[in-house]
Amino acid sequence: MFLAEGPRVVADLLRTNIRVHQALYTKAASADPAVASAVEALRSAEVSVEQVSGAELAEFAGTVTPQGLLAVAEIPSWSLADVRTPRLAVLDAVQDPGNVGTLIRAAEALGAGGVALLPGTADAWNPKTVRAATGSSFRLPVFETTVSALVDWCRDQGAALLASDANGEPARRDLAPSGVALVLGNEGAGVSAEVLDAATGVVGVPLLAGTDSLNVAIAGAILMDRMFGG
């Protein structure tokens with residue numbers, strides 16, 4: 001199970017086939033038209049909805065200042081078999097939930113067929129990750145996998161396995177392969193040695209001299225735009 005918070009995220013959740021088990025809201029929050037609309041939609045979908053006090057909601061919410069509505073839903077059972085196109089974003093031990101959620105959101109927007117999480121990556125269904133993904137994780141296949149399974153998928157799809165690194169070859173849309181698994185590494189250590197050994201290439205974003213490295217979410221979005229948008 002995972003927790004979805006706020007009227008926008010809950011509304012996005014209801015537009016998918018993911019099963020929602022229960023929802024809680026506060027009377028004060030129901031004065032917000034967005035919350036009231038989401039509560040009505042939950043009831044129309046025959047979800048158990050309960051009004052609780054602000055203190056009670058805060059006990060379950062993952063935020064310091066809850067938006068007055070939360071829902072509990074089943075985590076989708078996705079895998080590499082569900083990837084829709086041969087363009088896959090891969091997160092290798094990306095540890096910050098906010099970065100993971102932002103990368104999932106960018107992956108959907110920039111044409112990825114799915115997001116694969118290698119060991120050490122933050123939980124895709126952590127409340128902070130779900131909030132940062134803003135609904136993308138409800139629509140785009142997001143799942144855990146291993147390097148060996150990833151290598152097999154690339155072979156079967158005829159896709160290149162590309163690691164990202166600040167010193168890699170400059171990523172270019174005109175040279176982007178039709179099939180690619182783009183691996184984005186840990187915030188401090190980068191892509192693991194296991195991935196680098198298996199990769200068919202290394203790509204990066206050229207930076208001006210004297211500048212530091214980019215945040216993984218920013219670098220990942222740029223790389224996905226160049227590698228998936230060609």
Output row, site residue 193, 7 Å Cα→C-beta label point, backbone N cut-off 18 Å, window the range 121-157, residues 147-148
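Please get the size of the charge dipole for the range 2-73, origin at its Cα centre, with Cβ charges of +1 on Lys and Arg and -1 on Asp and Glu, quoted in debye to the nearest 20.
Working: 5 positive and 8 negative charges, 34 e Å.
With Lys and Arg at +1 and Asp and Glu at -1, about 160 debye.
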Nearest 10, in degrees from 0 to 90: the angle of helix 216-228 to the longest Cα principal axis of the chain is 70
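With 10 angstrom as the radius, rank 27, 128 by how many other C-beta atoms surround their C-beta, starting from the fewest. Write down the numbers at each step before the final one.
Values: 27 11, 128 17.
Neighbour counts put them in this order, fewest first: 27, 128.
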Summing -39500 (n - 2.57) over every DSSP H run of at least 4 residues in the chain and dividing by its residue count gives a helix-only mean residue ellipticity at 222 nm, to the nearest 500 deg cm²/dmol, of -10000 deg cm²/dmol
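How large is the Kirkwood hydrodynamic radius of the range 1-135, in angstrom, based on all distinct alpha carbon pairs?
Details: mean 1/r = 0.0642 Å⁻¹.
So the Kirkwood estimate lands at 15.6 Å.
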The helix 33-44 Cα axis meets the longest alpha-carbon principal axis of the chain at an angle in degrees, between 0 and 90 and rounded to 10, of 80
For the range 2-73, whose charge dipole is built from +1 on Lys and Arg Cβ atoms and -1 on Asp and Glu Cβ atoms, the candidate among 67, 36, 11 with its Cα farthest towards the positive end is 11
In the chain, taking the dipole from +1 charges on Lys and Arg beta carbons and -1 charges on Asp and Glu beta carbons about the Cα centre, the listed residue (178, 151, 163) farthest towards the positive end is 178
Output for the chain (equivalent-ellipsoid semi-axes, sqrt of 5λ from the C-alpha gyration tensor, Å, descending) is 36, 18, 14
Rg (one decimal) and Dmax (whole number) from the Cα set of the range 140-187, in Å, equal 11.9, 30
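How big is the charge dipole of the chain about its Cα centre, in debye rounded to the nearest 20, if each Lys and Arg gets +1 on its Cβ and each Asp and Glu gets -1 on its Cβ?
Details: 15 positive and 25 negative charges, 126 e Å.
For this selection, approximately 600 debye.
Read the figures in this text as sums done on the coordinates, not as results from a lab. None of the values given here were measured: they were computed from a predicted structure. Backbone-built Cβ (ideal geometry, glycine too); neighbour counts: all protein chains shown.
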